[in-house]
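The values are calculated or read from the model by the stated rules, or taken from the named source; none is laboratory data. The structure displayed is predicted, hence computed values, not measured ones. Methodologically, a virtual Cβ is constructed for each residue, glycine included, from the backbone with ideal geometry; neighbour enumeration extends over all protein chains shown. Just so you know, the surface numbers come from the protein's heavy atoms only, side chains and all, with ligands and any DNA or RNA stripped out. Shrake-Rupley method; radii C 1.70, N 1.55, O 1.52, S 1.80 Å.
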Amino acid sequence: MATATYPPPPPYYRLYKDYSENPNSAPEPPPPIDGTYVCFGGNYTTEDVLPSLEEQGVPQLYPKDSNVVDYKKELRSLNRELQLHILELADVLVDRPSQYAKRIGDISSIFKNLHHLLNSLRPHQARATLIHIMELQIQQRKQAVEDIKRRREEAQRLLKDAFVTLDGQ
């Protein structure tokens, strides 16, 4: 079997032997996982919760209250700060190359804050995308209805012309 071109099927295929005659004979799928689970040695959870920066051991560089945060302003501010720190890193690498580690840590912290802010906008982005998709579907359906009405009127006109032609002969 180790040298076979095609290995034999797994033993649980026997559970599905009567599926073509009776689709209800197959076993029920396992229930969905709820809570935490282990996969490839890592612990994962089924709840999508964005961990705070403090939980990740990163200092938060913008206001902590999410209701007060102006995302656009904070992203611009962090972007400017990132640019400044990159320029300072270039200066440090030229003048005193042994002290670059602190600047790299600051840049890393800014990047993590930027990513955290962007990730906190993901639910809003998902809602906006769904709204856009639904609006497109509504527009396509309205267009399809109009096309059906137009074709129906054309078919009725052709039938009417055919009846007039047949009655005239």
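Got at least one residue in the range 67-90 being without any contact (Cβ under 8 Å) to a residue 24 or more places away in the chain and under 22 Å from the mean Cα position of the chain (by Cα)?
Yes, that holds for at least one residue.
Please verify whether Gln99 is modelled with pLDDT of 95 or more, open to solvent by 80 Å² or more (accessible area, probe 1.4 Å) and either within 19 Å of Pro59 (Cα to Cα) or among the polar types (S, T, N, Q) (or both), treating the condition exactly as stated. First the steps, then the outcome.
Working: modelled with pLDDT of 95 or more: no; open to solvent by 80 Å² or more (accessible area, probe 1.4 Å): yes; either within 19 Å of Pro59 (Cα to Cα) or among the polar types (S, T, N, Q) (or both): yes.
Here the answer is no, as Gln99 does not meet what is asked.
Hey, among Val58, Val68, Val94, which residue is open to solvent by 80 Å² or more (accessible area, probe 1.4 Å) and closer than 14 Å to Leu117 by Cα? Spell out how you get there, then give the answer.
Values: Val58 fails: open to solvent by 80 Å² or more (accessible area, probe 1.4 Å); Val94 fails: closer than 14 Å to Leu117 by Cα.
Matching residue, one of Val58, Val68, Val94: Val68.
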